[in-house]
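Q: Got a structure for you, written out below as structure tokens; questions coming shortly.
Derivation of every value follows stated rules applied to the coordinates shown; laboratory data play no part. As the structure is a prediction and not an experimental result, all values here were calculated from the model. As a convention, Cβ positions derive from the backbone with ideal geometry for all residues, glycine included, and neighbour counts pool all protein chains shown.
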Amino acid sequence: MKLAARVASVCCMVAALSLATVTATALAQSAGPRDLAELKQEAQRRADRSLPPVAGIKPADMREALSGLNSLEPDAWAAAFMRIGDRYMQQGKALLANSPREAAEAFRHGWETYNTARWPTENSPLKREAYAKALEAFQAYGRLMDPPLELVRIPFEGREIVGYLRLPPNVRPAPLMIGISGLDTRKEDVAAASDPLIRRGIAVLALDMPGTGQAPIKVDVGAERMYSRVLDHLQTRKDIDPKRIVVRGQSWSGYWAALLAYTERERLRGAVVHGVGIHGYFQPDFQRTGLSTREYLFDLFPARSAIFGVKTLDEFLAYGLRLSLLAQGWLDKPSAPMLLVNGERDTQQPISDLYLMMKHGEPKDAWVNPAGGHMGRSDAWPQQRILNEVVLPWIERALAVPAAK
């Protein structure tokens, strides 16, 4: 499939922001944009249609969880799903000795449910407990994957970078994609979706983005050094081809993929910037409007502010400005090849940032869905189709891997 920029002049319709709601985010109640009845209806709709962020939750499990949800408090949301996750974990442990395949399925459902319980960020005691349980469940599932996951720990500034490595069978040294999770996803989401790459003979290293999951540092100027340390580590592994590495950032992490295309252009064969927020995204006017988008299920401000480690809206708006890649002078510098992907109607990241990147620096490949929302998704182009028909073929070409049949 030939990739080309597809431009359409479609105006985004964005809901108005209630500053009172957003600045109340540090409190126990949800930061919106939905009341409890609306949240239940939308969460069930997304589960029924297997849509993010609850694509892995069984519709029946969603109905059960929502039937016991009587509050917008983070702990109430976490408790509603943790009960179901606990049940799956008990099933998995009971099946482990005699039925490992069925146990793996139970552990995966347990992780998916705990992962929903802690979503979008671990900002309450039960959400933090749910995240710990999600790690346990996912690692139990990962040990039963074929091929299994390797838990990687890389020393970094007195702490460590934790990731999951999955190697395709009979390919050594293997080409590799570094997959960075987004604002509200975690490295477990990246590793769980690694089968299509493994089938193509491509290894996957799944990592959290700064300020999320088990990442050792918060988002800040210079935080990309965390991924440079990962590349240092990969050069030492004989099972990885150090000359065939690409990076993919999804949603917020498109920022890190774009930045690494500049800072690590000598060590990367390419960067997939899947969701482009690099300058306009950080401007206060965009954030004030975008924080109320109904494209996001709930609690967008708590998730965005957590990665900076700030509490108030004013702190948040001031912090983000310095992250602009345009203001830092990166956009006209030489870079590794890039694929830019997003939707014209994205209300979470401005499409103008994608066009800004195209107008600066090295030529880039781009794919824009004129009817697409965040990350280019639409009814005609769901997430998996974009991956299968746009992203994965580009990665194959960048890594010089034979195209999948």
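Q: Mind checking which of LEU325, ALA271, PRO173 is farthest towards the positive end of the chain's charge dipole, using Cβ charges of +1 (Lys, Arg) and -1 (Asp, Glu) about the Cα centre?
A: PRO173
Q: So what's the projected area for the stretch 216-321, the Cα convex hull averaged over all directions, in nm²?
A: 7.5
Q: Which order do peptides 86-98, 123-135, 107-119 fall in by mean Cβ count within 10 Å, highest first?
A: 107-119, 123-135, 86-98
Q: Determine by what factor the alpha-carbon radius of gyration of the stretch 63-197 differs from 2.2 N^0.38 Å, reporting the quotient.
A: The stretch 63-197 yields a ratio of 1.14.
Q: Name the long-range amide H neighbours of MET338: under 5 Å, sequence gap of 5 or more, or other chain; modelled H, no Pro or chain starts.
A: Close amide H contacts, sequence-distant or interchain: ALA271, ASP365.
Q: Magnitude of the Cβ-charge dipole of the stretch 206-314, K/R +1 and D/E -1, about the Cα centre, nearest 20 debye?
A: Roughly 300 debye for the stretch 206-314.
Q: Can you compute the charge dipole magnitude of the chain about its Cα centre, using +1 on each Lys and Arg Cβ and -1 on each Asp and Glu Cβ, nothing else charged? Give it in debye, rounded to the nearest 20.
A: It works out to roughly 940 debye.
Q: Additional query: Report for the chain the percent antiparallel among DSSP-assigned beta bridges with both residues inside it, nearest 5.
A: For the chain, the DSSP antiparallel bridge percentage is about 30.
Q: Cut-off is 10 Å between beta-carbons; in what order do SER30, SER253 appear when sorted fewest neighbours first?
A: SER30, SER253
Q: Sticking with this structure for a sec: Can you give the convex hull volume per residue for the Cα atoms of the stretch 248-405, as a whole number of Å³?
A: Output value, Cα hull per residue: 113 Å³.
Q: Sequence neighbours fewer than 8 away in the same chain don't count; with that in mind, list the lysines whose C-alpha is under 24 Å from LYS311.
A: Candidates past the 8-residue exclusion: LYS127, LYS218.
Q: Moving on. Can you match Rg and Dmax of the Cα atoms in Å to one of these, (i) 21.0, 68; (ii) 20.2, 58; (iii) 27.9, 92, based on a calculation from the structure here?
A: After the calculation, the listed value that fits is (ii).
Q: Can I ask one more? To the nearest 20 Debye, how big is the dipole of the stretch 267-405 about its Cα centre, given +1 on the beta carbon of each Lys and Arg and -1 on that of each Asp and Glu?
A: The dipole magnitude comes to about 320 debye.
Q: What FRET efficiency comes out for the pair ASP48/ILE217, r = Cβ-Cβ distance, R0 = 60 Å, nearest 0.05?
A: That gives a FRET efficiency of 0.95.
Q: Net charge near GLY254, counting Lys/Arg +1 and Asp/Glu -1 over other residues with Cβ under 12 Å of its Cβ?
A: Computed value for this residue: -1.
Q: Out of residues 5 or more away from ILE240 or on other chains, whose amide H comes under 5 Å of its own, with H placed 1.01 Å from N in the peptide plane?
A: ALA174
Q: Just to check I understand the Karplus step: with θ = phi - 60° and J = 6.51 cos²θ - 1.76 cosθ + 1.60, what whole-Hz values come out for the stretch 37-50, glycine and proline as x?
A: In residue order, the calculated couplings are 5, 5, 4, 4, 5, 6, 4, 5, 4, 5, 5, 4, 9, 6 Hz.
Q: Moving on to the next point. Apply the Karplus curve 6.51 cos²θ - 1.76 cosθ + 1.60, θ = phi - 60°, to the phi angles in the stretch 364-369 and return the couplings in whole Hz, x for Gly and Pro.
A: Taking θ as phi minus 60°, the curve returns 9, 7, 8, 9, 10, 8 Hz for the stretch 364-369.
Q: Then there is this: For ASP146 paired with ALA327, estimate the spin-label separation in nm (one decimal), with each label point 7 Å from Cα along the Cα-to-Cβ line.
A: A separation of 5.2 nm, rounded to one decimal place.
Q: Hey, another quick one. Starting at the first residue of the stretch 331-346, write each ³J(HN,Hα) from the Karplus equation 6.51 cos²θ - 1.76 cosθ + 1.60 with θ = phi - 60°, in whole Hz, x for Gly and Pro.
A: Running phi through 6.51 cos²θ - 1.76 cosθ + 1.60 with θ = phi - 60° gives 5, 9, 8, x, 9, 5, x, 10, 10, 9, 9, 5, x, 4, 9, 4 Hz.
Q: Oh, and also: Take each of the peptides 70-77, 189-196, average the number of other beta-carbon atoms within 10 Å over its residues, and list them starting from the highest.
A: Output ranking for 70-77, 189-196: 189-196, 70-77.
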